[in-house]
Amino acid sequence: MNSVLIRGGTVVNADTSVVADVLCQAGVITAVGAGLQAPAGCEVIDAGGLLVMPGGIDTHTHMELPFMGTVTKDDFYTGTSAGVSGGTTMIIDFVIPDPKQRLMEAWDNWRGWAQKSAADYSFHVAVTWWDDSVHTDMGTLVHQHGVNSFKHFMAYKNAIMADDEVLVNSFSRALELGAIPTVHAENGELVFQLQKRLVAAGITGPEGHPLSRPPAVEAEAAERAIRIAQVLGTPLYIVHVSSEDTVAAIMRAHASGQRVYGEVLAGHLTIDESVYQNKDWNTAAAHVMSPPFRARHHQAALWGALQSGHLHTTATDHCAFCADQKAAGKDDFSKIPNGCAGVEDRMPVLWDAGVNTGKLTPNEFVKVTSTNAAQIFNIYPRKGAVRVDSDADLVVWDPAARKTISAATTVSKVGYNIFQGREVTGLPVVTVSRGKVVWAKGELRTERGAGQYVPRPAFAPVFDALKRQAAASQPHAVNRN
Ligand code: URQ
Ligand code: ZN
Ligand code: ZN
């Protein structure tokens, strides 16, 4: 039986830190404590002076995504391998049906592609159209396949954009099923019109990208999704929040007691819109993703919201297109495939920009890179914790290790890196996925297909049980209406 003993480290969970050994056997954590003995054949890792944290969960990736006429460069094997090299041991990717495509057909496609994963994965399923079959397939996905989140792209008109009819029908169905609606919040009609006007005015380079998607384009959609969720009584998860305007909308929702979760990308926390002014077309185009990188002052609002619990998870939106693919938009920025890489850089970048600057404690770092994601998507404490019976997904972290991020040395072979040249202090020295060492001292030890699909239970059974319990404990209320 495969076993790993991580000895002498400081175990850092979202709530506590303690010096303890961690024993992993048959893919799960079997003991956390002092002086643990290594069973025969056990791989022993000396973690003295190092931290032992739950493996990172990236709630937002797109491996092998067919999008804007091409397919993202990292497949599920290379993408999850890149992830573990940066301390991320689970990704939540997206099944994105074409409009009019049965959700179950798209589901089968993505499940096939993901078989090659090197580490664990799960899927949000996008609702890109509506009819009775979508209603039915959403039920099948929740009841039979462990899906508890449905994505809605409010951008990408004439492609995968969900209009209000789709949003209202799908949010309502998600509530019935005990699943959480999530949104890419940008007003797709505004983007479409602004793109046309900019190109017609001769602004065809990557500098046009942020001009076609100003912060208000995101905030309008976020506010609309928040209001639809409020009227329907559903929770809401907003992906890649990029602006202070949307942070303000979320804070207003929180002030009125609404359950709205926010995700922020490592890129939006650390990169600003000046990248689009780069004289080198390829460098500027490499940063074309949506929502775009913003003026620097938005970063303070994003960090403040992350520190104060108005944003909850961190991700990368790893959607890697190489220079040849980006060149499709050489004469028209609206045709540059949207997306950037980053799955392996998230944790070192956030440790360096967050913990080393005092914005986040190590425990809060664990919260926003792993634990909150596990709790929001109902897989805690199986994931997101270093404790007995949790999956043995761990990262041994050296807070003093340093490197300069470069496309030349990353695992992901997309040819550029949006964090190029950034010096970071704080790196994963060993990553363990389901009790096996998959990254050690710069060496990748992943195995194609070793990753497993992680079903995420619906929330309804929990709520229903609580509602039944509450009803049973009430004196027989007389209906006074
Ligand atoms: O919008 C998304 O999340 C996907 C299509 C990745 N691309 C991007 O620009 N964010
Ligand atoms: Zn998006
Ligand atoms: Zn995305």
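The values are calculated or read from the model by the stated rules, or taken from the named source; none is laboratory data. Treat the numbers as computed from the prediction; the structure is a model and nothing was measured. Here the Cβ positions follow ideal geometry from the backbone for every residue, glycine too, while neighbour counts run over all protein chains shown.
Assess whether ASN2 counts as being surrounded by fewer than 18 Cβ atoms within 10 Å (Cβ to Cβ), polar (S, T, N, Q) and touching a Lys or Arg at 6+ places or on another chain (Cβ under 8 Å). Against the criterion (surrounded by fewer than 18 Cβ atoms within 10 Å (Cβ to Cβ), polar (S, T, N, Q) and touching a Lys or Arg at 6+ places or on another chain (Cβ under 8 Å)), ASN2 qualifies. Going by the conditions given, is LEU306 of a type in the set (A, V, I, L, M, F, W, C), over 27 Å from ASP332 (Cα atoms), away from ligand 1 (no atom under 16 Å from the Cβ) and at pLDDT 95 or above? Spelling it out, LEU306 is indeed of a type in the set (A, V, I, L, M, F, W, C), over 27 Å from ASP332 (Cα atoms), away from ligand 1 (no atom under 16 Å from the Cβ) and at pLDDT 95 or above. Is it the case, given these coordinates, that VAL414 is in a strand (DSSP E or B) and among the hydrophobic types (A, V, I, L, M, F, W, C)? When the stated conditions are applied, VAL414 does not pass them. Please verify whether the stretch 121-132 includes one or more residues that are part of a loop (DSSP other than H, G, I, E, B) and among the charged types (D, E, K, R). Yes.
Does the stretch 110-127 include one or more residues that are within 16 Å of ligand 2 (Cβ to nearest atom) and in contact with a His (Cβ under 8 Å, 6 or more places away or on another chain)? The answer is yes; a qualifying residue exists. Only one entry in ASP332, ASP324, ASP317, ASP280 is among the charged types (D, E, K, R), touching a residue at least 60 places away in the same chain (Cβ under 8 Å) and either out of contact with any Ser or Thr (no Cβ under 6 Å at 6 or more places or on another chain) or crowded, with 24+ Cβ neighbours inside 10 Å (or both), namely ASP317. Contact map, the stretch 119-138: residues that are in contact (Cβ under 8 Å) with a residue 12 or more places away in the chain and farther than 24 Å from ALA374 by Cα paired with residues that are of a type in the set (Val, Ile, Thr) and not in a strand (DSSP E or B), Cβ distance under 6 Å, separation 6+ or inter-chain. Pairs shown: THR128/ILE160; TRP130/VAL166. Could you tell me whether the stretch 138-157 includes any residue that is part of a helix (DSSP H, G or I) and buried (at least 24 other Cβ atoms within 10 Å of the Cβ)? Scanning the stretch 138-157 turns up at least one residue that is part of a helix (DSSP H, G or I) and buried (at least 24 other Cβ atoms within 10 Å of the Cβ). Across the stretch 215-240, the number of residues qualifying as surrounded by 18 or more Cβ atoms within 10 Å (Cβ to Cβ) and either more than 23 Å from the chain's Cα centre (by Cα) or not small (Gly, Ala, Ser) (or both) comes to 14.
The one condition from (1) touching a helix residue (DSSP H, G or I) at 6+ places or on another chain (Cβ under 7 Å); (2) away from ligand 1 (no atom under 16 Å from the Cβ) that GLY146 does not meet is (1). Taking the stretch 377-417 as the range and being among the aliphatic types (A, V, I, L, M), surrounded by 24 or more Cβ atoms within 10 Å (Cβ to Cβ) and within 25 Å of HIS287 (Cα to Cα) as the test, only VAL414 passes. Of all residues in the stretch 204-214, those satisfying the criterion of being surrounded by 17 or more Cβ atoms within 10 Å (Cβ to Cβ) and more than 16 Å from ligand 3 (Cβ to nearest atom) are THR204, GLY205, PRO206, GLY208, PRO210, LEU211, SER212, PRO214.
Of the residues making up the stretch 292-313, just one is more than 20 Å from GLU273 (Cβ to Cβ) and either within 15 Å of ligand 2 (Cβ to nearest atom) or charged (D, E, K, R) (or both), namely THR313. Kindly indicate whether any position in the stretch 187-201 is within 30 Å of SER370 (Cβ to Cβ), within 22 Å of the chain's Cα centre (by Cα), of a type outside the set (A, V, I, L, M) and modelled with pLDDT of 95 or more. The answer is no, given that none of the residues of the stretch 187-201 is within 30 Å of SER370 (Cβ to Cβ), within 22 Å of the chain's Cα centre (by Cα), of a type outside the set (A, V, I, L, M) and modelled with pLDDT of 95 or more. Being over 20 Å from ALA159 (Cα atoms) and within 16 Å of ligand 3 (Cβ to nearest atom) is the filter here, so list the residues in the stretch 319-344 that pass it. Passing the criteria: ALA341, GLY342, VAL343.
Reported count of residues in the stretch 245-291, each being within 16 Å of ligand 2 (Cβ to nearest atom), of a type in the set (Ser, Thr, Tyr) and in contact with a Leu (Cβ under 9 Å, 6 or more places away or on another chain), is 1. Which residues, taken from the stretch 183-204, are out of contact with any Ser or Thr (no Cβ under 8 Å at 6 or more places or on another chain) and hydrophobic (A, V, I, L, M, F, W, C)? Selection gives VAL183, LEU190, PHE192, ALA200, ALA201, ILE203. Within the stretch 311-332, the set of residues being more than 16 Å from the chain's Cα centre (by Cα) and either closer than 14 Å to THR246 by Cβ or of a type in the set (Gly, Ala, Ser) (or both) comprises ALA323, ALA327, ALA328, GLY329. May I ask you to verify whether THR409 is among the polar types (S, T, N, Q) and without any contact (Cβ under 8 Å) to a residue 40 or more places away in the chain? Here the answer is yes, as THR409 does meet what is asked. All of (1) in contact with a strand residue (DSSP E or B) (Cβ under 6 Å, 6 or more places away or on another chain); (2) part of a loop (DSSP other than H, G, I, E, B); (3) of a type outside the set (Gly, Ala, Ser) hold for ASP15 with one exception: (1).
Filtering the stretch 255-276 to residues that are surrounded by fewer than 17 Cβ atoms within 10 Å (Cβ to Cβ), more than 24 Å from ASP345 (Cβ to Cβ) and of a type outside the set (A, V, I, L, M, F, W, C) leaves SER256, GLY257, ARG259.
Which of the residues spanning the stretch 355-401 are in a loop (DSSP other than H, G, I, E, B) and in contact with a Gly (Cβ under 6 Å, 6 or more places away or on another chain)? Residues satisfying the conditions are LEU360, ALA392, ASP393.
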